[in-house]
DNA sequence: GTTCTAACA
DNA sequence: TGTTAGGA
């Protein structure tokens, strides 16, 4: 039996105001406004400049990464630069995994990640396993269930 | 109660 | 970067 995981969660609906984002990340609201002024981060477009800022989940991730890097000793501009390069790595990883990942299968009562065809002839499938904190791989013939 | 901008004992 | 003023 094969399970696929559709997009069940809409992360665009995860929005926060400045006080919430500040508490979530440990970055002061003063800092968040300053970072925005420097174009290091951005709030969701505000129609009225005097209206409260709204941040999305993506910005939460960005702020979290910058904060972590600062705690590790990076200065703000360097932290932002590294955050942006990290985001490129994350984006690439996501695309690769999205392309490779083809759902979860139960084989002999065990959960397997279907990682796509192993060979060009499409006779074998690469499976990933995760057990006791370790990953492993198995190549199996195509599952005909 | 929260967030806004601007300014600085 | 913190804090405060005065409004929304």
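Rule-based calculations on the coordinates, nothing more; no lab input. Because the structure is a prediction, the values reported are computed rather than measured. Using ideal geometry, Cβ is built from the backbone for each residue, glycine included, and neighbour counts are taken over all protein chains shown.
Below is a table of values for the structure above.
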quantity	calculated
Test: residue in region A:45-60 that is in contact (Cβ under 8 Å) with a residue 12 or more places away in the chain, over 21 Å from residue A:86 (Cα atoms), surrounded by fewer than 13 Cβ atoms within 10 Å (Cβ to Cβ) and within 15 Å of DNA strand B (Cβ to nearest atom)	yes
Qualifying positions in region A:1-41 - part of a loop (DSSP other than H, G, I, E, B) and farther than 27 Å from residue A:98 by Cα	A:17, A:26, A:27, A:28, A:38, A:39, A:40
Which listed residue is more than 18 Å from residue A:26 (Cβ to Cβ) and within 16 Å of DNA strand C (Cβ to nearest atom), from A:81, A:105	A:81
Every residue from region A:3-37 that is surrounded by fewer than 11 Cβ atoms within 10 Å (Cβ to Cβ) and more than 9 Å from DNA strand B (Cβ to nearest atom)	A:3, A:4, A:5, A:6, A:7, A:8, A:9, A:10, A:12, A:13
